[in-house]
Amino acid sequence: MPILASIAAASTRRFNLNALKRNRSCLSSLPILGSSVETLKLERNIDITQSQRSASSSSTNTRGFEHEHDEHYKWIQHKMVFAAIFGLTGSVLYWKSRNGAIKAASAKSSLQPGGGVQPGLPTYTLSDVEKHKTKEKRIWVTYKNGVYDITDYVTSHPGGTKILLAAGGSIEPYWNMYGVHKQGEIVEMLEELRIGNITEKPKEQAFDKNDPYANDPKRHPAIIPASSKPFNGEPPSAILTDNFLTPNDLFYIRNHLPVPDVNLKSYKLDISVQGPGKFTSFSFDDLKRKFHKKSTAVVLQCAGNRRSEMVKIKPVKGLNWGTSAIGNAEWSGPCLDDLLKQAGIDIDQVTQKHILFGGMDKDPAGSPYEASIPIELARLLKRDIIVAYEMNGQEIPRDHGYPVRIIIPGIVGARQVKWLTSIKLSNEESMCHWQQNDYKGFHSSIDWNNVNFKSVPAIMELPVTSAICEPIEGTDLAPDADDVTVKGYAWSGGGRGIVRVDVSIDGGKTWDSATLSPPKQPMYKTFAWTFWEATLPIPKNHKGKVEIICKAADLSYNVQPDSVEGIWNLRGVLSNAWHRVNISIPKS
Ligand SMILES: Nc1nc2c(c(=O)[nH]1)N[C@H]1C(S)=C(S)[C@@H](COP(=O)(O)O)O[C@H]1N2
Ligand SMILES: [Mo]
């Protein structure tokens, strides 16, 4: 969603530039907005004047790509903080000004801690708040003991904002998401939207010792569950393009079994070779201290990402993933190659055909999750395979494999074994269910009656894909918007970089080229994703609705299929057709 653009547009319309200038003096005095104020200046000089000129939702988003790429992502993030928080601040200021109550200087002196119980206001329960998620029912959020009605704010920012993610619940996890401090004037401004109190605490789930999932970790409330036991979930697509490195707590989670609770002291990684029976064992300490630490940004994508599009053609077996069963993180740890060498194994010399990776999560019969890759692939990737103990510079969260997982860049998520405890060189590939009878691709005439899982190999490298993250399906643009900023990700397996992303706003009749984020990795070893964006003019004859499409080409000029029909398969894997999003442009 062109959130910034909508705010810029809304800003122009609602509290013109002068009002903004006035407000800025107040905002600049707020240390908590320090970073966003810089962004505000930039936006004020460029976006807002531009949107004044065109009275449209035009945006300077492509500017970001002129920056050094790290700067770019910082910039995007600032923009988000600006959008999420200043957007709120701005509208509250507007609200204040509409009520003749702008007290820029005095606002500070009347600063009160927000979120406390306000005597005289009604008290609500968590379930009361939960019912208020839509404009029709009014949109409520909570902060500490406060209940706030943000409907008017959201309505004055057509297209919605990320604040909507918190609808019907607490706003706090979302503020934390962008590293914004919770205290201060913003909270005070939120107080202007105060409607009530809440004192009820969310209930802790009672611990059920018979439930194998009872000890699973807590998940971020933004994660949209696809199943609860085992837990599977993905972030909302609109937050995916906010960060080049997907924050750990917003990274999609794909578990087949209960999450192990691993004790570092007793943790062992066993390395063995079938035949000679060579056997070595490393402790966590060994991994950390005895080897060079390598760090690489690598995308993990579930084979079932975007399965929900396939389901529309014909039912399939599998979790109903949207477009966010994908994430990009920087993984650190020793190279697999170094570990094997230390164990006396040279991958170029061994006769075994496969490397098996065993996890610590076990099914009720006691067999662990396991996956394998052909030895040729291990030779090809050689020093790119990481025995990771860090994810984005932090210890790997339990859901993502604490303390150690294998990272094999460019290939399907299913082989990126979490809670890694064994590495075996073997003549046979893993016999695990998920290696043998799952995660394979078939044509559309294969069904559950005639499928022979032995007839095709396990999925390794994934095909090229891309998806639109913003705007989201069903977005209402500002009335009579002139253009829309479209953002998304593109990625291909096998380290193939992205050379082009094409976007269309007329259902594929005509195409524009999106601006790609600058490559951060060599083109033949692009394991991270590529972000892209484009600002597309709304076709004059739009009739209130438009279909936006994106498609990417990778370094081998592999392209995405135009429709899902042709690639439908019984497991709903490898769903990489052109991605389509429908949005509305209301008449004012
Ligand atoms: N031990 C173990 N490893 C596993 C899995 C699992 O259930 N157990 N799921 C796999 C699948 S199918 C995917 S897509 C990725 C998901 O990794 P993430 O949950 O860190 O995103 O982990 C893979 N590794
Ligand atoms: Mo997966």
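Only the coordinates and a few stated rules stand behind these numbers; no lab work does. On a predicted model such as this, the values are computed, not experimentally measured, just so you know. Positions of Cβ are generated from backbone atoms using ideal geometry, with glycine treated the same way; all protein chains shown enter the neighbour counts.
Two decimals is fine: what is log10 I(q)/I(0) at q = 0.11, 0.15 Å⁻¹ for region 375-436, from a Debye sum with one equal scatterer on every Cα and no solvent?
-0.27, -0.50
Given the C-alpha atoms of region 168-313, compute the convex hull and give its volume per residue in Å³.
259
Taking the Cβ of each residue in Trp434, Trp419, Trp321 as the centre, tally the other Cβ atoms inside 10 Å and list the residues starting with the fewest.
Trp434, Trp419, Trp321
How much length is gained on full extension from Lys201 to Lys382, taking 0.36 nm per residue of separation minus their Cα-Cα distance?
Here the answer is 60.1 nm.
Using the Karplus curve 6.51 cos²θ - 1.76 cosθ + 1.60 with θ = phi - 60°, what ³J(HN,Hα) values do you get for each residue of region 502-514, in whole Hz, with x for Gly and Pro?
Karplus-based 3J(HN,Hα) across region 502-514 equals 9, 10, 9, 10, 10, x, x, 6, 10, 10, 10, 9, 7 Hz.
Take the cross-link list Lys144/Lys209; Lys209/Lys362; Lys294/Lys341; Lys131/Lys209 and give me the ones stretching past 20 Å between alpha-carbons.
Beyond 20 Å: Lys144/Lys209; Lys131/Lys209.
Just in region 218-255: which trypsin sites (Lys or Arg not before Pro) are loop by DSSP and have at most 14 other Cβ atoms within 10 Å?
Those satisfying the criteria are Lys218.
Under 19 Å between alpha carbons, and skipping anything fewer than 8 positions from Lys265 in its own chain: which lysines qualify?
The reachable lysines, counting only those whose Cα sits under 19 Å from Lys265, are Lys288, Lys290, Lys418.
Pop the C-beta distance of Phe279 and Leu126 into the FRET formula with R0 = 41 Å and round what comes out to the nearest 0.05.
0.15
Would you check region 465-585 for Lys pairs whose C-alpha atoms are within less than 21 Å, ignoring same-chain pairs closer than 8 in sequence, and give me the count?
So the count of such lysine pairs works out to 10.
Could you check the simple spin-label distance between Ile313 and Ile224, using points 7 Å along Cα→Cβ, in nm with one decimal?
Those two pseudo-labels are separated by 2.1 nm.
Using 0.36 nm per residue of separation minus the Cα-Cα distance, give me the extension gain between Asp211 and Asp348 in nm, one decimal.
Computed gain between Asp211 and Asp348 is 44.8 nm.
Just to confirm a number: summing +1 for Lys and Arg and -1 for Asp and Glu over residues other than Tyr524 whose beta-carbon lies under 12 angstrom from that of Tyr524, what do you get?
Net of charged neighbours comes to 0.
Asp361's amide H: which non-local residues (gap 5+, or another chain) put their own amide H closer than 5 Å, with H modeled 1.01 Å from N in plane and none for Pro or chain starts?
Sorted by chain and number, the residues that satisfy this are Tyr369.
With N set to the number of residues, divide the alpha-carbon radius of gyration of region 227-375 by 2.2 N^0.38 Å and report two decimals.
In units of the globular-protein estimate, region 227-375 measures up at 1.25.
So how much slack lies between Val117 and Ser584, counting 0.36 nm per residue of separation and subtracting their Cα-Cα distance, in nm?
That works out to 164.1 nm of additional length.
In square nanometres, what is one fourth of the surface area of the convex hull spanned by the alpha carbons of region 465-585?
Across all orientations, region 465-585 yields a mean hull projection of 7.9 nm².
In sequence order, what are the phi-derived ³J(HN,Hα) couplings for region 421-427 according to the Karplus relation 6.51 cos²θ - 1.76 cosθ + 1.60 with θ = phi - 60°, rounded to whole Hz, with x for glycine and proline?
Result, rounded to whole Hz: 10, 9, 10, 10, 9, 9, 7.
Rounded to whole Hz and in sequence order, give me ³J(HN,Hα) for region 115-127 from the Karplus expression 6.51 cos²θ - 1.76 cosθ + 1.60, θ = phi - 60°, writing x for Gly and Pro.
Those phi angles translate into x, x, 5, 9, x, x, 9, x, 9, 10, 9, 4, 6 Hz.
Which cross-chain or sequence-distant (5 or more) residues have an amide H under 5 Å from the amide H of Tyr402, H modelled 1.01 Å from N in plane?
Trp419
Estimate the FRET efficiency between Glu395 and Ser563 by the formula 1/(1 + (r/R0)^6), using the beta-carbon distance for r and 30 Å for R0, to the nearest 0.05.
0.10
So how compact is region 373-513: Cα radius of gyration and Dmax in angstrom?
20.1, 64
Sorted by packing (mean other beta-carbon atoms within 10 Å per residue), highest first, where do 506-513, 576-583 land?
Most protected by this proxy first, the peptides run 576-583, 506-513.
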